[in-house]
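A quick write-up on the structure given underneath.
The values are calculated or read from the model by the stated rules, or taken from the named source; none is laboratory data. Just so you know, these numbers come straight off a predicted model, no measurement behind them. As a convention, Cβ positions derive from the backbone with ideal geometry for all residues, glycine included, and neighbour counts pool all protein chains shown. Keep in mind that these areas ignore ligands, DNA and RNA; they rest on the heavy atoms of the full protein, side chains included. Shrake-Rupley method; radii C 1.70, N 1.55, O 1.52, S 1.80 Å.
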Amino acid sequence: MNKAMGVNNKIAWVHLTSKIRQLIVAVLSVTFGISMYIFMNSFTSGVNDAQAELVFNTMAHIRVYNDLPKEARQLLPVPTGSDTVQFISNPKRIQYTEGIKNAEPIRELLESSPDVVAVTEQLNENVFFHNGVSKVSGSLSGVDIDNENQLFHTAQYMTEGDWYELQRRSDGVILGTGLADKISAQMGDIISLSTSDGILKTYKVVGLIETGSASVDKSRAIISIQAARQLLSKNQSYATDVLANVRHYNDARTTAQRIGASVAYKTEAWQEGNSQLESANVLRDILAITVSLTILIVAGFGIYNIMNMTVNEKMREIAILKAMGFDGKDIVQIFLIQSIAIGFMGGLVGLLLGFIISAGVDRIPFKIASLTTLPIAYIPTDYVMALVFGLLTTFVAGYLPARKASKIDPVEILRG
Amino acid sequence: MQPALSVDNIIKYFHDPETIQVLKGISFDVQPGEFLALIGKSGSGKSTLLYLLSTMDTNYEGTIQINGTRLTGLKQNELARFRNEHIGFVFQFHYLLPEFSVLDNVMLPALKLGKQPPEQIRAKALELLYLLDIKGHEDKKASRISGGQQQRVAIARALINDPAIIMGDEPTGNLDSKNTKVVFDIFRELARERGQTIIAVTHDDEFAANCDRVIEMVDGKIVGE
């Protein structure tokens, strides 16, 4: 068996190397297919990640907040007998509590979950911003400076000022660039805020921030959560939202479900409010896989064609090999070895080329939103899958002609 | 003595384009060391018979034995192994593998058999090539030597596994008279000095006349020896 394998290898090798040009074309078709597979998938993952980064610089993977109850509270017991009909006209859903009074245990619960990587608390409130005569409504976020930065990398979106200034002064405020524009406030200006309860307080603009999401930048101001609690006269561990990020954003839903079971408040994964983002990601993935597999299949047809031609050209030689005592299995082996060798050579070069193309595209400038170059993700699985699919395609494409070769009747050919 | 080849009541039909009986009960034995010529007009069934003996065509009635092994009814893979070890072929055209060197062509059946280490096979192949007077061409591509040389290489290839029988299908049919004589003399010598059993289908009366034994076929039957 082993020795027979050796002879078959030798014959396959001679066949392969006797037509170098044909070999190169076959190898290149695999190379092209595999490198495109890698590039398409790297690019799509890159785009998905970039998209996620844009979205997740203002939105957490999981949000815990006090939601309006789903149904109005049952004021009267439901009548048991069938002879009673109960009418309650115009029942209302009423929120009996506001925000999360004690956010501490929820934060601790989230922090203890193994796939949660960062947790922060926020106190969000709608307020009016005043600067001179301009008066604009917007939202005020009281945030935990360190944790907020860990979740959203807020500090890196600062266009002016220092993020940590908020920690140092309780009367500091950071304005979204659009908001600052609307009330024509600049660094160092004193602006005042008024809450819905009519409390007015002045703050000093210590920074400007641009997250890339225009609607957020036009309406949001940030102060420290302690300052916000003070402003709204809330207790020390009050928060309106507890936010958490998980290791990979696609896993947010399962984690949210698990944690939600033991939390009295609404626990929501990002997908619930943003199905358009999720569907866009999935659709892009499907598109990338479809296109790249199509390219691989086309490469497969190329190999099939070349191997078929080779078999047709070598009919007589196959007949002679059979006359000399090579059986059908040997013939299949001889031709399959050739196509697998083509697949392997093309595959390895394709991996390299795919990486080079990806790295090249990664350097093409693309300055929109927070992007500087076209996004590319380097994922080892893509490379492994490319090689697996490539070898699979060449195997199938090579097997069909090889089987045809093994079925050749030597008598018919040798008798002429 | 056990016959090298034993054929018993072989019957064969061709079904395309219409059913005709090509072989009508052929029986004969060939003794080891015999140099036998199968002659007959075209259509007499002699080539068909040879391909049945070669084990490549298995569609027949009757039995064929080589060296006491009954070949009728064996599976294709078993027959391939048997051919490899016990039968050497020489065709009208040399049918060498053009992309391989002369030496590789001779070595291939033995490498396939795998009973000897490659160095030994190589030494034996070289010895055969020298015996058949093809010296200095071992490393050339098989397509780069002359027709007479190619046919001698084909004979060397047929001999490499020390087969029980060499079968020739018009082995000199495509050669000029000088090369025909060379090839015939090789066969003659192999039979006489090595005791090699040879069966050759031929058109060439002179070739046949110098064989040990001649079987003439007409219309699928043996008419004379």
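The table below gives the values:
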read-out	value
Subset of region B:88-125 (residues that are over 19 Å from B:PHE187 (Cα atoms) and within 7 Å of chain A (Cβ to nearest Cβ))	B:LEU97, B:GLU99, B:PHE100, B:LEU108, B:PRO109, B:LEU111, B:LYS112, B:GLY114
Count of residues meeting criterion [open to solvent by less than 80 Å² (accessible area, probe 1.4 Å), under 16 Å from the mean Cα position of the chain (by Cα) and farther than 15 Å from A:MET59 by Cβ] in region A:247-267	1
Count of residues meeting criterion [in contact (Cβ under 8 Å) with a residue 60 or more places away in the chain and either farther than 15 Å from A:LEU208 by Cα or among the aliphatic types (A, V, I, L, M) (or both)] in region A:151-165	2
One residue from B:GLU170, B:GLU206 being under 26 Å from B:PRO32 (Cβ atoms) and surrounded by fewer than 18 Cβ atoms within 10 Å (Cβ to Cβ)	B:GLU206
Considering residues of region A:164-204 that are among the basic types (Lys, Arg) and touching a Gly at 6+ places or on another chain (Cβ under 9 Å) only, the residue most open to solvent (accessible area, probe 1.4 Å)	A:LYS182
Filter result for A:THR254 (part of a helix (DSSP H, G or I) and closer than 30 Å to A:GLN95 by Cα)	yes
Members of region B:124-135 that are without any contact (Cβ under 8 Å) to a residue 24 or more places away in the chain and either among the basic types (Lys, Arg) or open to solvent by less than 60 Å² (accessible area, probe 1.4 Å) (or both)	B:LEU126, B:LYS135
Qualifying residue in region B:44-53 (condition: assigned to a strand (DSSP E or B) and open to solvent by less than 10 Å² (accessible area, probe 1.4 Å))	no
Test result for B:GLY43, modelled with pLDDT under 85 and of a type outside the set (A, V, I, L, M, F, W, C)	yes
Residue that is touching a residue at least 24 places away in the same chain (Cβ under 8 Å) and away from chain A (no Cβ under 14 Å), where the choices are B:GLY40, B:GLY45	B:GLY40
Region B:85-105, residues that are more than 13 Å from B:ALA154 (Cβ to Cβ), assigned to a strand (DSSP E or B) and of a type outside the set (Val, Ile, Thr)	B:SER101
Search result, residues across region B:66-97 that are open to solvent by 50 Å² or more (accessible area, probe 1.4 Å) and free of Cβ contacts under 8 Å to residues at least 60 places away in the same chain	B:THR69, B:ARG70, B:GLY73, B:LEU74, B:LYS75, B:GLN76, B:ASN77, B:GLU78, B:ARG81
Strands (runs of 3 or more DSSP E) completely within region B:142-220 that count 1 or more residues being without any contact (Cβ under 8 Å) to a residue 60 or more places away in the chain and small (Gly, Ala, Ser)	none
Flag if A:ILE20 is more than 30 Å from A:ARG284 (Cβ to Cβ) and outside the structural domain of A:SER358 (by the TED database)	no
Those residues of region A:142-162 which are at pLDDT 90 or above, surrounded by fewer than 21 Cβ atoms within 10 Å (Cβ to Cβ) and assigned to a loop (DSSP other than H, G, I, E, B), in sequence order	A:ASP162
Any hit, region A:117-137, residues being of a type outside the set (A, V, I, L, M), outside any strand (DSSP E or B) and surrounded by 19 or more Cβ atoms within 10 Å (Cβ to Cβ)	no
Residue satisfying all of: in region A:316-360; over 20 Å from A:LEU391 (Cα atoms) and away from chain B (no Cβ under 11 Å); surrounded by the most Cβ atoms within 10 Å (Cβ to Cβ) among these	A:SER358
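Yes/no per residue for (1) open to solvent by less than 30 Å² (accessible area, probe 1.4 Å); (2) assigned to a strand (DSSP E or B); (3) under 22 Å from A:VAL388 (Cα atoms); (4) of a type outside the set (Gly, Ala, Ser):
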| residue | (1), (2), (3), (4) |
| --- | --- |
| A:VAL27 | yes, no, yes, yes |
| A:VAL30 | yes, no, yes, yes |
| A:SER35 | yes, no, yes, no |
| A:PHE43 | no, no, yes, yes |
| A:GLU53 | no, no, no, yes |
